[in-house]
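Some notes on the structure that comes next.
No lab work stands behind these numbers, since they all come straight from the coordinates. All figures in this text were calculated on a predicted structure; none of them were measured in a lab. When we count neighbours, we look across all protein chains shown, and the Cβ atoms used for this are built from the backbone with ideal geometry, even at glycine.
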Amino acid sequence: MQEVASLLLTIELDKPQPIALGGERYQVKQGCHLTCLVEGLPVWTHARVLKEIGTDEDGRRRIEVLIGALTMQEWGIRPVPDEERLDMSHYPKEFIEFLEVGNN
């Protein structure tokens, strides 16, 4: 992940954030905004920077970026494990924001 983060603007966190990933514990000290393509569709999110994430379940390929459940939910990304693919049919076609309008 640090190689990917070197291409992005990173920020130092006020205090280290503890996380657990793959049975390991880390103290995250940097964050960044990540913009990427998932199945050809743009996705942007905040990310935590780790020195190394690890390898895939076969130990063959290094994992450079790991997208979490909250980002997947926000962008309508659904894993289809039996087919080893992602379902992008719920990817948002438009974004709607709700604003609270007060009485003047």
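The length gained by stretching the chain between Arg60 and Asp82 to full extension, at 0.36 nm per residue less their Cα-Cα distance, is 5.9 nm. Its relative contact order, with pairs defined as Cα atoms under 8 Å and 6+ residues apart, puts the chain at 19 percent. Full extension of the chain segment joining Ile67 with Glu52 gains 3.9 nm, where the gain is 0.36 nm per residue of separation less the Cα-Cα distance.
With neighbour counts taken as other beta-carbon atoms within 10 Å, the residues Lys51, Lys15 rank, fewest first, as Lys15, Lys51.
Placing +1 on the Cβ of every Lys and Arg and -1 on the Cβ of every Asp and Glu, with no other charges, gives the range 17-58 a dipole of roughly 420 debye about its Cα centre.
May I ask for the net charge around Thr55, where only other residues with Cβ less than 13 Å from the Cβ of Thr55 are counted and Lys, Arg are +1 while Asp, Glu are -1? Once all neighbours under 13 Å are counted, the net charge is -3. Ranking Val65, Thr45, Leu8 by how far each Cα lies toward the positive end of the dipole of the chain (charges on Cβ) leaves Leu8 at the top.
In the calculated pair-distance distribution of the chain, the portion above 22 angstrom amounts to 44 percent of the Cα-Cα pairs. Assuming charge only on the beta carbon of Lys and Arg (+1) and of Asp and Glu (-1), the dipole of the chain about its Cα centre is about 360 debye to the nearest 20. For the range 2-63, relative contact order (Cα pairs under 8 Å, six or more residues apart, normalised by length) works out to 26 percent.
To the nearest whole percent, what portion of all C-alpha pairs in the range 1-46 is separated by more than 12 angstrom? Here the long-distance tail beyond 12 Å is 69 percent of all Cα pairs in the range 1-46.
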